[in-house]
Amino acid sequence: MTDAIQVGDHVQIYLGEKFGEHEGWYTGTVFQVEPYSEHRSFYWIRLDEAAQTILKIQEISVFNPKNIQKLV
């Protein structure tokens with residue numbers, strides 16, 4: 001990540017194999033950044049409507065920076 005992710009940013013998140021058939025990339029908007037340490041944070045994402053329909057959830061937190069990308 002080159003730019004810091006902030007509240008209001010539109011992002012793409014990756015949900016891994018533990019999500020089974022729903023593994024893949026989903027889009028949403030950051031609504032809260034919860035610092036964990038000096039270099040890492042929890043990013044709370046409100047999923048877009050299409051992702052909510054597929055995953056049956058509205059919000060999710062992402063901790064691993066490899067699993068979140070800021071969309072331009």
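The values are calculated or read from the model by the stated rules, or taken from the named source; none is laboratory data. No experiment lies behind these values; they were computed from the predicted model shown. Here the Cβ is made from the backbone with ideal geometry for all residues, glycine too, and neighbour counts use every protein chain on show. The protein model used for the area step is the full one, side chains on, heavy atoms only, and it has no ligands, DNA or RNA in it. Shrake-Rupley method; radii C 1.70, N 1.55, O 1.52, S 1.80 Å.
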*Over the chain, what percent of the accessible surface lies on carbon and sulfur atoms, probe 1.4 Å?*
49 percent
*Do any GluC sites (Glu not before Pro) in the chain lie in a loop, going by DSSP, with at most 16 other beta-carbon atoms within 10 Å of their beta carbon, and if so which?*
23, 38
*Per-residue HN-Hα couplings for the range 18-28, Karplus 6.51 cos²θ - 1.76 cosθ + 1.60 at θ = phi - 60°, whole Hz, x for Gly and Pro?*
5, 8, x, 5, 9, 4, x, 9, 9, 9, x
*Scan around residue 41 for amide H atoms under 5 Å from its own, H built in the peptide plane at 1.01 Å from N, and keep only partners 5 or more places away or cross-chain.*
36
*To the nearest 20 debye, what charge dipole does the chain have about its Cα centre, counting +1 at the Cβ of each Lys and Arg and -1 at the Cβ of each Asp and Glu?*
80 debye
_Distance cut-off 14 Å, percentage of C-alpha pairs in the chain lying past it_ = 56 percent
*asked:* So if each residue of separation counts as 0.36 nm, and I subtract the Cα-Cα distance between residue 42 and residue 56, what length gain in nm does that give?
replied: 3.0 nm
*Just need the relative contact order of the chain here, percent rounded to a whole number, with Cα pairs under 8 Å and 6+ apart.*
33 percent
_Apply the Karplus curve 6.51 cos²θ - 1.76 cosθ + 1.60, θ = phi - 60°, to the phi angles in the range 33-49 and return the couplings in whole Hz, x for Gly and Pro._
10, 10, x, 10, 8, 4, 10, 9, 9, 8, 10, 8, 10, 9, 5, 5, 4
